[in-house]
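Single-structure report; data block below.
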Amino acid sequence: MSAITHDTHGHHDSHDHHDHHEETFISKYVFSQDHKMIGKQFLITAVFMGLVAMLLSLLFRIQLAWPGESSDFLSLFLGETWAPGGVLKENMYLGLVTIHGTIMVFFLLTGGLSGTFSNILIPLQLGARDMASGFLNMISYWLFAISSVIMLVSLFIETGPAMAGWTIYPPLSALPQAIEGSGLGMTLWLVSMTLFIAGSLIGSLNYIVTVLNLRTTGMSMTRMPLTIWAFFVTAILGVLSFPVLLSAAVLLMMDRLAGTSFYLSDIIVGGEMLENHGGSPLLYQHLFWFLGHPEVYIVLLPALGLSSEIISTNARKPIFGYRAMIGSILAIGFLSFIVWGHHMFITGMNPFLGSVFVFTTLLIAIPSAVKVFNYITTLWRGSIVFTPAMLFAIGLVSTFITGGVTGIILADSALDIAVHDTYFVVAHFHIVMGMSAVFGMFAGVYHWFPKMYGRMLNTRLGYAHFWVTLVGAYGVFFPMHFVGLAGAPRRYYDYSVYNEFDTNTYEMMLDLNVIITVFAIVAAIGQLIFLFNFFYSIYRGPVAVQNPWRSNTLEWTTPVEHIHGNWPGALPIVHRWPYDYSKPGAEEDFILQTVPLAEGEEEH
Amino acid sequence: MSFKLITIIVIVLGVLAVSQLVRLYELSSKLRNRREEDVTNRDNKLNANLLLAFMIFFYAGFIYLMTEYGWTGRGDAASVHGETTDWLLNLNFVIIIAVFFLTNTLLFGFAWKYVRKPGVKAYFYPHDNKLELIWTVVPAIVLAVIIILGLKTWNGITGDSSKEAIRIELFSKQFDWTARYSGEDNVLGKFDYKLTTQENELALLTSATLDSAIRYMEFGKADSTVLGIKLLENKLNNPKNIFIPEDRMKMETDLDRKTRLLRLLYQMKVRHNAKLDASAYDDILQKDTLHLLKGKEYEISFRAKDVIHSAYFPHLRAQINTVPGQVTRLKVTPTISTKEMRVRKNNPKFNYVLMCNKICGSAHYKMKMIVVIDTPEQYKAWLKSKTTFRDDYLKPATVVSDSTSAVASVGDTTKMGM
């Protein structure tokens, strides 16, 4: 139990000699305070959670494509309790949908994306020895881990997991009489999310402090890579909005346990007349979406940051409009706080308030358009190398466009009326979050895998993974637009009700649902390629060189072997911005940030 | 069991096979001295071509789906405002589809064209203020148009309805809808959820419903499935009864709650103005089917009994959530009768529908109501067959049972647990 790392001892400079000590297995792999290890812990946990959530989605997709038909796959995973005779139970369908959404949004895309890459890249790209507080960083991960376990446990209890949708709107989520999942399952959901929020807050504060205080000499804010800008703004969004979700959850908990009436009023449920009077379910929705909308950008900004770096590196060109990119990250971050009402146009909220949110929401399209055009211009006249990371980054830009433009329809309250809560919405946010953000995450894993594990992923398997994923995921989410435009409400166990009033539309929905499910199965199988590649390469992949992608940023100046404190000698000193690719007059097509300006050379 | 076994064997063999293939691949790269990060020109070119091929395949798929299913698969809008929003939707679709094609083509096109070529260096081009300005200002102008048109339409849709609008109410609960027509006075009677009994599911407020709600609270159900206050008190105060502490606590809580609700009912009774009874008594209740008159403006208000539901009329392009403790509203003017729509859709069985579109429990997906848009003659004939709330509620049978022991139940327990 004592994997001693003496070999790194000699590399340390005097600066942190005092805290260097022999590491045990526990302190190195379990309760590690090293940001690189914590980043990897976040990644592996999130990959596992993502797998579970993907499996859940397959289970309910099978029900949607072949409603009421017995399936061995369903009975294998759900057994007689939740899929008697291989047919999914109605309640469990809602439970699967709820937990799928929760895990994907929070555990994979918040914990996994921002947790992993903020941890790994912030100190490495800024030239810092570690996070501002390694201890708090460790706590942040362990809160995340515990909350993951609780969320998974809720799948195995007798009354089933939370079933009110990932947005858990009360009164449905507050009243166990209304649906069985609102009993213990909902309590576990709330406990899990409370711990998750605490962990996320600690993590975000740490990121912010690190970015502001621990930049190395010469690393001014305007020389930071766009990844760091994205993580920085993401962390600020998290700190400002997650506490509001916590307050929503605490009030909901009190309505459930202490008999308060924050969200409940004039309700008769399960034959019981409740006394609660004066509460408003809309209050919950306001609180929820005050987090819920910034959350979309908490998910997306890190992905955009990662892809900026990857596109620039692999196009061998500076990212176009560096300052405009920073400006649009800031603008998106700011605007994301004043648009939450676009989720509530038809909830009974005052229509005038609705029109204010139409205005602010559509404004977000401007910085988003700037980002897209800047990516495209970065490719223009580049010398593009298609690494798997680069392919995923290009996939991200394509899906960001495809998912973004439908947002214009949904943000327009008058048009939202007819498509609100239909599959059109499901298509929109899956293309943005399920494709763009996930592609950003994959791109990041492929690009920084050598930094994380000191070994290379298999490139050919990476290509196979990308192509199956791109075709499969577009095949899943693109036809959903048409299901939604035909009026199909989301979260329906099956659409046979259409038989009673519009048989033609029913047939169309069934056709498309089969296509969607087949693509979903293909895409899911494609992820096995990634899993295999990932775990195989951790142990047996070819050993990486120090700077495999010929990149400019500081993380590629650290040794391949991980050491405490990141740099063996003194910290690097930064002399230039991170995007000097193919600079005229330079010998190589990249110049590390640590290289001083040559005589007569201008900073970009 | 055998299925599970076979699955596991297949998975294990699959993993083994792939890992052997990868070993082989790695050995061959080692032999050729190729490193993983060095992307060969062949691989590079292949991926560039695949990106372009994907774009064409993607566009073809999009166009196929559009011709096959249209961009509004719901068919023609059947309401006045629906025609406006459909026009606006089409305009917006033209804009965003143009943007979609333009930007995706540039993206995949550049990715294909500027793939690394031996001897060609990338062009150092860090920024250009003019370009940046163009793609900030042009989207801003387009968005301004979208916003102005959108808000104008929105204000029209959500504004007040005219005085002549026919007032109806839709009442939602797990998992069905009930319509209430305001009757000849075009005024919906008042309601309070505490008045809910089996005979008065919509909790309408009249002197008689108040009295029966009070009786129900005091005496409960005749068959003792629901205990009233009096019986609860008797049971709890009888020293001969011994209860499990849990049961006792439950009964005490129930008693406390009912006592407080009863007090509120008495307060309501004191304040009640019997003149208002008439507006409730002439209301007409209708389950399962909603009849609307073609060409008339409707002011519809919505209530929910238990959880949030959403009233979604896909063909009328109308939707609003129903919220417990709050009344929501919308206005709508149907323009195409059911009969006309059946001809247009070439489907003699087609019907308009009202669906629940907010997750509300296990049978959420079945919670719907058929909507019939009538011509005046049909509407008159239907209306003639209907009885008012007065007829339903004050019919002799109810009065007799009321005077004995207020047979009633809150909620519809038979439908739970579906």
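The lysines whose alpha-carbon is closer than 22 Å to the alpha-carbon of residue B:30, local same-chain residues fewer than 8 away aside, are A:451.
Label separation (residue B:387 vs residue A:588): 9.1 nm, computed from points 7 Å beyond Cα along the C-beta direction. Entry note, chain B: the mean residue ellipticity at 222 nm calculated from DSSP H runs of n ≥ 4, each adding -39500 (n - 2.57), is -17000 deg cm²/dmol after division by the residues and rounding to the nearest 500. Computed about the Cα centre, the dipole magnitude for chain B is approximately 1140 debye when only Lys and Arg (+1) and Asp and Glu (-1) carry charge, each at its Cβ.
Report the Cα centroid-to-centroid distance between the stretch B:275-322 and the stretch A:510-571 in angstrom, as an integer. The stretch B:275-322 and the stretch A:510-571 have Cα centres spaced 55 Å from each other. The local environment of residue A:67, defined by Cβ-Cβ distances under 12 Å, has a net charge of -2 under the rule Lys, Arg +1 and Asp, Glu -1. Taken one residue at a time, the phi angles of the stretch A:102-109 give Karplus couplings (6.51, -1.76, 1.60, θ = phi - 60°) of 4, 5, 4, 5, 8, 7, 7, 8 Hz. Gly and Pro are set to x. Which FRET efficiency, nearest 0.05, do residue A:573 and residue B:105 yield, Cβ-Cβ r, R0 41 Å? The computed FRET efficiency comes out at 0.40. Within the same chain, aspartates and glutamates fewer than 8 places from residue B:384 are excluded, and of the rest, those with a Cα less than 20 Å from its Cα are B:169, B:184, B:185, B:282, B:283, B:288, B:374, B:392. Test of understanding: extend the Cα→C-beta vector of residue B:345 to 7 Å, then name every residue of the stretch B:48-84 with backbone N under 14 Å from that spot. Those under the cut-off are B:73-79. Sequentially through the stretch B:168-176, phi angles give Karplus couplings (6.51, -1.76, 1.60; θ = phi - 60°) of 9, 10, 10, 10, 10, 8, 4, 10, 8 Hz, Gly and Pro residues having no value and appearing as x. Listing A:47, A:269, A:209 from fewest to most neighbouring C-beta atoms within 10 Å gives A:209, A:47, A:269. A Förster radius of 30 Å combined with the Cβ-Cβ distance from residue B:248 to residue A:260 puts the calculated FRET efficiency at roughly 0.75.
Per-residue shielding of A:91-103, expressed as the average number of other chain Cβ atoms within 10 Å of the residue Cβ, stands at 1.
Taking amide hydrogens as placed 1.01 Å from N in the peptide plane, the amide H of residue B:371 sits under 5 Å from those of B:290, B:352, B:353, B:354, each at least 5 positions away in sequence or on another chain.
Other residues within the sphere of radius under 11 Å centred on the Cβ of residue B:116, judged by their own Cβ, net out at +2 (K and R +1, D and E -1). Taking a ≥ b ≥ c as the square roots of the eigenvalues of the Cα gyration tensor, the protein assembly as shown is prolate, since a/c reaches 1.5 or more and a/b is larger than b/c. Shielding of peptide A:269-279 by partners, expressed as the average count of other chain Cβ atoms within 10 Å per residue Cβ, is 6.
Centre-to-centre separation between the Cα atoms of the stretch A:60-79 and those of the stretch A:286-346: 37 Å.
Taking amide H positions as modeled 1.01 Å from N, with prolines and chain starts lacking one, the residues under 5 Å from residue B:191 and 5 or more places away or on another chain are B:205.
Close amide-amide hydrogen proximity is noted between residue B:115 and A:384, each under 5 Å apart and 5 or more residues distant or on a separate chain (H modeled in the peptide plane; Pro and chain starts excluded).
Backbone geometry of the stretch B:371-376 corresponds, through the Karplus equation with coefficients 6.51, -1.76 and 1.60 at θ = phi - 60°, to 3J(HN,Hα) couplings of 10, 10, 9, 9, 7, x Hz, x marking Gly and Pro.
Only lysines eight or more places from residue B:113 in sequence, or on another chain, were considered; those with a Cα closer than 18 Å are A:317, B:45, B:121. Tell me the net charge near residue B:22. Cut-off is 14 Å between Cβ atoms, residue B:22 excluded, with +1 for each Lys or Arg and -1 for each Asp or Glu. Surrounding charge for residue B:22 is +3. The alpha carbon centroids of the stretch B:45-78 and the stretch B:1-38 are separated by 35 Å. Fewest neighbouring Cβ atoms within 10 Å first, the residues B:112, A:189, A:556 line up as B:112, A:556, A:189. With neighbours defined as other Cβ atoms within 10 Å of a residue's Cβ, the residues A:216, A:505, A:167 order from fewest to most as A:167, A:216, A:505. Across peptide B:78-84, the mean count of Cβ atoms from other chains lying within 10 Å of each residue's own Cβ comes to 1. Using the Cα centre of the stretch A:38-557 as origin and beta-carbon charges of +1 (Lys, Arg) and -1 (Asp, Glu), tell me which of A:545, A:184, A:364 is placed farthest towards the positive end of the dipole. About the Cα centre, the residue reaching furthest to the positive side is A:545.
Since every read-out is calculated from the coordinates, none of them should be taken as a lab result. Since the structure is predicted, the reported quantities are computational estimates derived from the model, not experimental observations. We place every Cβ from the backbone using ideal geometry, glycine too, and count neighbours over all the protein chains shown.
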